[in-house]
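The values are calculated or read from the model by the stated rules, or taken from the named source; none is laboratory data. The structure presented is a predicted model; accordingly, all values stated were derived computationally and were not measured. Positions of Cβ are backbone-derived with ideal geometry, glycine not excepted, and every protein chain shown enters the neighbour counts.
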């Protein structure tokens, strides 16, 4: 009986907290959609922008010495992101005040929120709680070119997380064939689930700290193990960035992120909408360059336009693989 009462109390508390959070999200998005906070990347100078999903400032600094194309850790700067979750960043970044820049932009992305927000027009508030947003997000036709390799690349196995290689391939091809004024390349890594170590070891399964690092941490798991695994995920995508930079002509390349990630700092885990947590809201800004040496020849091509229409569940399914339940 006592256990039953305790369970009901816990369920009620959880429902109340969830309701309060959704109300907060609705209110926050109502404000932020009108008055964005942070630095829009179009306010910076770059020819190519490489977005590493959930890459923290301290993480990029931690591995900087391993990559010649990155500046020294002390020279890697940071900016305040316009969003603390991908959907928010996409909705705020590709917005009507920057329509002219967007019109010169080719976007190659592994992030399914691009489909959800840009094409399906489902915005971060999602109609939950108090919500009266005024999004000014552009549409797919406003881009010079929009390519979503996650929609047609071969299945990656291991939780079906999009691999970085198809993104690299398409970015190289787009850079060579279209030569856009601006190129944005949005990788999935180092977003969890972390699969880099499993792939390197030939494992067909993920350990708890790889599959769901935040539950693992909440239950007393070792932070150092999660952090080391996260850095391996980051190294995996930086290896791809290295290939891209040797096969792309761009005088000024910025390496950044859409948002960061909280691993328990201040009792917060993951990344959520509208929360100005410094580990989520601040993202790295590292400047480098690229020169096409012709060392890689892409083989992946998108299907014909008439055959690549997404089914309604495509984006939702991909987001579930990334741990989002909405």
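Which one is nearest to the chain's Cα centre (by Cα), of the residues in the range 259-268 that are surrounded by fewer than 17 Cβ atoms within 10 Å (Cβ to Cβ) and on the phi < 0 side of the Ramachandran plot? Here the residue is 268. For the range 179-187, the criterion of being surrounded by 18 or more Cβ atoms within 10 Å (Cβ to Cβ), modelled with pLDDT of 95 or more, assigned to a helix (DSSP H, G or I) and touching a helix residue (DSSP H, G or I) at 6+ places or on another chain (Cβ under 7 Å) is met by none of the residues.
Here's the yes/no breakdown for (1) modelled with pLDDT under 95; (2) within 20 Å of residue 237 (Cβ to Cβ); (3) surrounded by fewer than 16 Cβ atoms within 10 Å (Cβ to Cβ); (4) in contact with a strand residue (DSSP E or B) (Cβ under 9 Å, 6 or more places away or on another chain):
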residue: 111; (1), (2), (3), (4): no, yes, no, yes
residue: 117; (1), (2), (3), (4): no, no, no, yes
residue: 127; (1), (2), (3), (4): yes, no, yes, no
residue: 135; (1), (2), (3), (4): no, no, no, yes
residue: 141; (1), (2), (3), (4): no, no, yes, no
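If we keep just the residues of the range 188-225 that are assigned to a loop (DSSP other than H, G, I, E, B) and closer than 23 Å to residue 284 by Cα, which is farthest from the chain's Cα centre (by Cα)?
So the residue we want is 195.
Of the candidates 37, 108, 63, the single residue that is outside any helix (DSSP H, G or I) and either free of Cβ contacts under 8 Å to residues at least 24 places away in the same chain or touching a helix residue (DSSP H, G or I) at 6+ places or on another chain (Cβ under 7 Å) (or both) is 108. Counting the residues of the range 219-258 that are farther than 29 Å from residue 208 by Cβ and touching a helix residue (DSSP H, G or I) at 6+ places or on another chain (Cβ under 9 Å) gives 10.
Conditions (1) surrounded by 14 or more Cβ atoms within 10 Å (Cβ to Cβ); (2) part of a loop (DSSP other than H, G, I, E, B), marked per residue:
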site: 272; (1), (2): yes, yes
site: 283; (1), (2): yes, no
site: 286; (1), (2): yes, no
site: 292; (1), (2): yes, yes
site: 295; (1), (2): no, yes
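Could you tell me whether residue 49 is in a strand (DSSP E or B) and closer than 20 Å to residue 137 by Cα? Don't jump to the end; show me each part of the working.
Working: in a strand (DSSP E or B): yes; closer than 20 Å to residue 137 by Cα: yes.
Against the criterion (in a strand (DSSP E or B) and closer than 20 Å to residue 137 by Cα), residue 49 qualifies.
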